[in-house]
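The values are calculated or read from the model by the stated rules, or taken from the named source; none is laboratory data. Everything numeric in this text was worked out from a predicted model, so none of it was measured. Neighbour counts run over all protein chains shown; Cβ positions are idealised from the backbone, glycine included. Just so you know, the surface numbers come from the protein's heavy atoms only, side chains and all, with ligands and any DNA or RNA stripped out. Shrake-Rupley method; radii C 1.70, N 1.55, O 1.52, S 1.80 Å.
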Amino acid sequence: MGVAIILFAWVIQRFFKCYSRSLDWGVWRQYLHYMQPHALRFGGGKGWLTLLVLELPVILGVVVLVQGSSLLLGHVGVSLVELLALWFCLDIPSVAKLAAAQDGAVELSLVGVVEKVFAPIFWFFFFGVLGLVVYISVLCFSQEWQEKRPEETEEKSSEGLGEGSGKLEISTGVEGQLGRLLEQVREAMNWLPAQLLVFSVGLLQKPSAFFNIWIQGLRNRQAPYSVLGDWFKAIPTSLVAEKRVGMAGSRTGCVERSLGVWVGFFIVIRLLVLL
């Protein structure tokens with residue numbers, strides 16, 4: 001059923017133009033602002049424990065929602081919850097942004113494709129709606145921390161001068177540690193989906209040439225988005241000559257074909273499991 005839900009969510013956004021903007025939804029920011037002091041207090045200055053306290057209500061909420069849907073409507077209820085969750089977390093139009101991206105913005109657009117399309121599908125396929133929601137929550141929490149202004153931290157530090165300032169400094173240090181940990185978890189959860197997407201895009205074009213570039217990028221610990229960005233810059237002439245399309249359109253076509261291949265691959269895996 002998981003593959004069918006992926007296909008339904010894709011079709012709803014891709015062909016019916018019914019979109020959502022999950023990463024802009026204010027509930028994640030409100031939740032983070034509410035839970036942050038509690039997570040910092042119960043975490044006791046340990047980053048991983050603080051992150052666990054921050055994520056635990058999210059996990060419990062998903063479990064309760066899925067179990068409640070199962071009790072009320074059975075498998076249909078669970079499927080509806082999964083479909084709504086995946087549809088809400090996907091942002092298929094981010095693929096089209098590759099067409100308008102200039103050379104300097106290609107890598108940023110590729111990050112958007114991974115974080116808003118392929119990674120949500122990847123984590124949903126292997127870990128269900130729980131994996132999907134945990135991934136999206138980490139993504140949103142990390143973005144919220146990145147958007148914090150340095151001036152705000154300076155203000156808090158200046159307000160804490162005098163009595164009780166030591167306690168505030170510890171709290172600020174834990175906040176920074178949690179922010180860095182969220183960024184590391186985000187990068188870790190993005191790494192495999194990004195590598196798979198980049199690898200498949202290259203193989204669908206010129207496997208022998210791209211494989212060397214991909215291996216070199218792994219050896220140099222180069223970000224997968226950077227590897228694919230360099231690849232796009234290296235092959236515009238051949239793409240234009242063979243397909244008679246502009247470079248911008250080629251990027252979108254390559255990524256869409258690669259995403260389609262992975263969805264087909266997931267279907268095959270699911271069928272083999274059922275046999």
Note to self: Could you list, ordered by first residue, the pairs with Cβ atoms under 6 Å in which the first is in segment 26-45 and touching a residue at least 40 places away in the same chain (Cβ under 8 Å) and of a type in the set (Gly, Ala, Ser) and the second is open to solvent by 30 Å² or more (accessible area, probe 1.4 Å) and part of a helix (DSSP H, G or I), at least 6 apart or interchain?
What the structure shows: Ala39/Val53; Gly43/Leu49; Gly43/Val53
Next item on the list: Write out, first by first residue and then by second, each pair whose Cβ atoms fall under 9 Å of each other, whose residues are 6+ apart or on separate chains, and whose first residue, in segment 177-196, is of a type in the set (Phe, Trp, Tyr) while the second is modelled with pLDDT under 95 and surrounded by 20 or more Cβ atoms within 10 Å (Cβ to Cβ).
Entry: Trp191/Pro224
Notebook entry, point to check: For segment 202-232, how many residues are under 21 Å from Val111 (Cβ atoms) and β-branched (Val, Ile, Thr)?
Noted result: 2
Notebook entry, point to check: What number of residues within segment 34-51 satisfy the criterion of being part of a helix (DSSP H, G or I) and out of contact with any helix residue (DSSP H, G or I) (no Cβ under 8 Å at 6 or more places or on another chain)?
Noted result: 3
Note to self: Under 8 Å between Cβ atoms, which residue pairs at least 6 apart in sequence (or on different chains) link something in segment 215-234 that is assigned to a helix (DSSP H, G or I) with a partner that is among the charged types (D, E, K, R) and open to solvent by less than 50 Å² (accessible area, probe 1.4 Å)?
What the structure shows: Phe232/Arg251
Next item on the list: Look at Val198 and say whether it is surrounded by 14 or more Cβ atoms within 10 Å (Cβ to Cβ) and either modelled with pLDDT of 75 or more or not in a helix (DSSP H, G or I) (or both).
Entry: yes
Item checked: Enumeration of residues in segment 47-69 that are farther than 15 Å from Phe141 by Cα and loosely packed, with under 15 Cβ neighbours inside 10 Å -> Leu49, Leu60, Gly61, Val63, Val64, Gln67, Gly68
Notebook entry, point to check: Which condition number does His75 fail, the rest of (1) touching a residue at least 24 places away in the same chain (Cβ under 8 Å); (2) within 22 Å of Ala9 (Cβ to Cβ); (3) buried (at least 16 other Cβ atoms within 10 Å of the Cβ) being met?
Noted result: (3)
Notebook entry, point to check: Since Arg180 meets every condition but one in (1) modelled with pLDDT of 85 or more; (2) surrounded by 16 or more Cβ atoms within 10 Å (Cβ to Cβ), which condition does it not meet?
Noted result: (2)
Margin query: Could you go through segment 252-274 and let me know if any residue there is modelled with pLDDT under 80, assigned to a helix (DSSP H, G or I) and open to solvent by 60 Å² or more (accessible area, probe 1.4 Å).
Written below: yes
Notebook entry, point to check: Does Leu86 fit the bill of being open to solvent by less than 40 Å² (accessible area, probe 1.4 Å), out of contact with any strand residue (DSSP E or B) (no Cβ under 9 Å at 6 or more places or on another chain) and closer than 25 Å to Val113 by Cα?
Noted result: yes
